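The values are calculated or read from the model by the stated rules, or taken from the named source; none is laboratory data. Keep in mind the model is a prediction, meaning the values are calculated, not measured. Note: ideal-geometry Cβ built from the backbone for every residue, glycine included; neighbour counts use all protein chains shown. The accessibility values were calculated without ligands, DNA or RNA, using every heavy atom of the protein model including side chains. Shrake-Rupley method; radii C 1.70, N 1.55, O 1.52, S 1.80 Å.
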Amino acid sequence: MYKIFSSSLVLIALFCVQGTSAWVAPSGISNRARSEPLHALKIGKNYKPKWKKKETLAEQEGSAAPQEKGITGTINVVFQSGENSISTIANPGTPIRDVATQAGQFIKYGCGKGECGTCAAKCGGQWIKPCIAVIPGDVVPGEDYVIEVKEVKNKAKSSGKFYSFRSFIMGFYNNVLGMFAFVKTRRAAKKNYDERMEFEAMVAKRTAEKKAAKAAKEAAESE
Ligand code: FES
């Protein structure tokens, strides 16, 4: 118990040190900013994200027809997301992922290799995975190839803010979770170790008893 308590204290101390160093020299802040006092750093509302979501061709060109944007293709593709739909054109064999990006259709991806199902969309009553699927070659001429994608509420537009209140809370929460997990794992490991030691001691005791009995038997026979 004492060991667990002391290891928890060490972890809390580490957490505090980490937190302090994050205040002094957070990653992503220039060397000049590192030497400035905290109140001079551009944090909170003044923080300017380093990157912003890159505009797609569709966003740059607005609502112009696909041909006017330089998109070519023989198949009419329609992306439906809730009440919204976006029409575009594509050639057979083109990855649906690329077609969606060109058309400005947001699709949320996870693994990006057809394993997790995050991007799953419906097409002709069947589920497809846009991250790996391509526009088929057997679409009937003149018919639309309709892909129903899931509605996504939160689209990432920029990197998060440093030092937002939520980031502090989440950081603290994660550290507490980590400490609990550490203590729990150590307890389980200690129990396991004690059981193993107990078993090994029992085996050693029985072996010694057997050896002693064998020696006594041999001594009795030789007399
Ligand atoms: S992103 Fe995982 S299956 Fe498409």
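Filter the stretch 122-132 for residues that are more than 9 Å from the ligand (Cβ to nearest atom) and either touching a Phe, Trp or Tyr at 6+ places or on another chain (Cβ under 6 Å) or polar (S, T, N, Q) (or both) and give the result.
Matches in the stretch 122-132: Q126 only.
Evaluate the stretch 60-68: report whether one residue or more is surrounded by 18 or more Cβ atoms within 10 Å (Cβ to Cβ) and within 25 Å of G114 (Cβ to Cβ).
No, the stretch 60-68 has no match at all.
Scan the stretch 144-155 residue by residue and report those that are assigned to a loop (DSSP other than H, G, I, E, B) and away from the ligand (no atom under 16 Å from the Cβ).
Scanning the stretch 144-155 gives E151, K153, N154.
Restricted to the stretch 73-85, and to residues that are on the phi < 0 side of the Ramachandran plot and surrounded by 15 or more Cβ atoms within 10 Å (Cβ to Cβ), which residue is farthest from the ligand (Cβ to nearest atom)?
Taking the candidates together, the pick is N76.
Within the stretch 86-101, which residues are open to solvent by 60 Å² or more (accessible area, probe 1.4 Å), under 24 Å from the mean Cα position of the chain (by Cα) and not polar (S, T, N, Q)?
If the condition is that a residue be open to solvent by 60 Å² or more (accessible area, probe 1.4 Å), under 24 Å from the mean Cα position of the chain (by Cα) and not polar (S, T, N, Q), then R97, D98 are the ones that fit.
Name the residue that is surrounded by the most Cβ atoms within 10 Å (Cβ to Cβ), counting only residues in the stretch 102-121 that are among the aliphatic types (A, V, I, L, M) and within 16 Å of the ligand (Cβ to nearest atom).
A121
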